[in-house]
Amino acid sequence: MRSDTTGFWTPVALSADLPAGTVIPARMAAGTIALWRSQTGHIAASADRCPHRGMSLSHGFVRGEVLSCIYHGWSYGRAGNCLRIPAHPGLTPPDAIRVVTHDVRDTGGIVWVASGIPAGDPPDLDGFTPLRSLTADADRAALALAAGAQADEDGRLVTNIAGQDLCLLLADQPEGRTLIHVLVRSGSDAAARIAASRSVERLRRMAESASHKGGVQ
Amino acid sequence: MKLYDYILSPSCYKVRLMAALAGIKLDLRAVDFHPGLEHRGPDLLSLNPAGSIPILEDGDLVLTESSAMLAYIASLSAPEWLGRASAMETAREQQWLAFSSRLTATLGGARLHEMLLRPGDIAALQAGGVASLRELEAGLVEQRLAGQAFLVTDRPTIADIACFPYVALAPDGGVSLDPYPAIRLWSRAIRSLKGFIEMPGIHRLHELKPEPHLEQDEA
């Protein structure tokens, strides 16, 4: 699919779906990550596993500038280092306690996470604005067929449905599913945005139906 | 006001949550739903022949449908929780109240199957749950595009409370909530409400309270 082997950016969420002070899970080809934004707006991505007991950090919570595990409250900074262990308030956690982190960017209203070391910046969105994200129980090929257009090597598919230009950013998910970020032309009004949301629901139904799947995810 | 209640029942939790948000104190009467099947025993069947819980008793009034209980509690002491400002609000509220029974049948059915080994076609229950969640997600996306954070309008109503518990507990039935960003934000908005209470499996937002600190000599 890609010729470069150095690394690439995966679009994992809309910026608007990750407000300050929240953490969400995001699926990458290599596994799930915990994606979070601090109270002052700094974004970070780490492995979704607390090194203490293996609990998913995406089940945790963000207070101030740190991500805390829901299980025993071990807290981590953006760089992945453990900052606090509540049961041992006098202890400065050793530097060896840390979670793996990923390079992350917040541009064009999309949160991008690096796999490997990308050669450049995340792709430009050419006058499109993010609308919503949804998951299809269908692969990229089935979605391309339903949309009547192919995705480029960055997973970007531009199509026109019912007279409306839509840009879909496709990210492969486990078990043949695809995460779709829907973008509309910047400046589209509320009615056009609602129409776009419904168009993509219809496109998903077509792709899933062609894949002979029931839609369980 | 007396609620025949089971702590693990999402439908009973709807009523406890609405009462807490409205500032009404309930007299809770615990029902041995599992393993005792007390709701199918002679005493509770004479109160509710349908053999379901919750049951709400207030004087001569006996209610056996949770949506009716939400409407009763809100009408009594929290009318701002009713969508009554326009015909559209009234209709949307009824739409989502009726929709909530599909969440109970699908996500609730999958949860009973997975937690209490109740018979059922788990794949069909989960597929129905996903279809319901997708519908809710699409509805919430359109509400957000109209600048409204809740199902009926820009403030929470009984329709949000009717839909919230079975959605929040979907993972108990093996249905992931990860693919629904609008549902995630809506769930946070509900859990941020003043007076919000928890049930097992639905926790409060820890970040809303200051960080607890152990004293050095307690550790």
Given a Förster radius of 56 Å and the C-beta distance between residue B:68 and residue A:30 as r, what FRET efficiency does 1/(1 + (r/R0)^6) yield to the nearest 0.05? 0.65
Histogram of C-alpha separations across the range B:2-80, 10 Å bin width, %: 19, 55, 22, 3
Taking a probe of 1.4 Å and leaving out DNA, RNA and ligands, chain A shows per residue an accessible area in Å² of 45 Å²
Please work through chain A and write down the cysteines that have no neighbouring cysteine Cβ at a distance under 4.7 Å. A:82, A:167
Around residue A:48, which amide H atoms from residues at least 5 apart in sequence, or from another chain, sit under 5 Å from its own amide H, with H modelled in the peptide plane? A:34
How much of the accessible area of the protein assembly as shown, in percent, comes from carbon and sulfur atoms when a 1.4 Å probe is used? 54 percent
Distance (nanometres) between label positions extended 7 Å along Cα→Cβ at residue A:150 and residue A:6: 2.5 nm
Apply 1/(1 + (r/R0)^6) to the Cβ-Cβ distance of residue B:98 and residue B:211, taking R0 = 35 Å, and write down the FRET efficiency to the nearest 0.05. 0.25
Please enumerate, by chain and number, the aspartates and glutamates with C-alpha under 20 Å from the C-alpha of residue B:194, excluding those fewer than 8 residues away in the same chain. B:80, B:154, B:160, B:207, B:211
Please identify which residues in the range A:13-49 have an amide N closer than 19 Å to a label point set 7 Å out from the Cα of residue A:162, following the Cα→Cβ vector. none
Can you give the Kirkwood hydrodynamic radius of chain B from its Cα pairs, in Å with one decimal? 18.3 Å
Value of relative contact order over chain A, rounded to a whole percent, pairs C-alpha under 8 Å and six or more apart: 18 percent
In Å³ and rounded to a whole number, note down the convex hull volume per residue for the Cα atoms of chain A. 131 Å³
Compute the Kirkwood hydrodynamic radius of the range B:82-191, taking the inverse of the mean of 1/r over all pairs of distinct Cα atoms, and give it in Å to one decimal. 14.1 Å
Whole-number D in µm² s⁻¹ for the range A:11-99, Kirkwood Cα-pair radius fed into Stokes-Einstein, 20 °C, 1.002 mPa s: 165 µm²/s
Using only Cα atoms, what is the ratio of the radius of gyration of the range A:128-210 to 2.2 N^0.38 Å? 0.99
What is the interface area between chains A and B, defined as buried accessible area summed over both chains with a 1.4 Å probe, reported in Å² to the nearest 100? 2600 Å²
Using bins 5 angstrom wide from zero, how does P(r) for the range B:31-150 break down, in % of all Cα pairs? 2, 9, 13, 17, 17, 17, 13, 8, 3, 1, 0
To the nearest 0.05, the calculated FRET efficiency linking residue B:155 and residue B:29 through their beta-carbon distance, R0 being 41 Å, is 0.85
What distance in nm separates the simple spin-label points at residue B:192 and residue A:100, each placed 7 Å from Cα in the Cβ direction? 3.3 nm
Max mean-square fluctuation residue, GNM over chain B, Cα-Cα springs under 10 Å, options B:114, B:207, B:65: B:207
Describe numerically, in nm with one decimal, the distance between label points set 7 Å from Cα along Cα→Cβ at residue A:65 and at residue A:198. 4.7 nm
Can you give the mean number of other chain Cβ atoms that lie within 10 Å of the Cβ atoms in peptide B:178-184? 6
Taking the Cβ of residue A:48 as the center, what net charge do the other residues with Cβ under 15 Å away carry, scoring Lys and Arg +1 and Asp and Glu -1? +3
With the 8 Å Cα cutoff and a minimum separation of six or more residues, the range A:7-116 has a relative contact order in percent of 28 percent
Just check the protein assembly as shown against the gyration tensor rule for me: Cα atoms, a ≥ b ≥ c as the square roots of the eigenvalues, rounded for a/c under 1.5, and otherwise prolate or oblate depending on whether a/b exceeds b/c. oblate
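The values are calculated or read from the model by the stated rules, or taken from the named source; none is laboratory data. These numbers were taken from a predicted model, which means no experiment stands behind them. Cβ atoms come from the backbone with ideal geometry, glycine included; neighbour counts cover every protein chain shown. The area values use the complete protein model at the heavy-atom level, side chains included, leaving out ligands, DNA and RNA. Shrake-Rupley method; radii C 1.70, N 1.55, O 1.52, S 1.80 Å.
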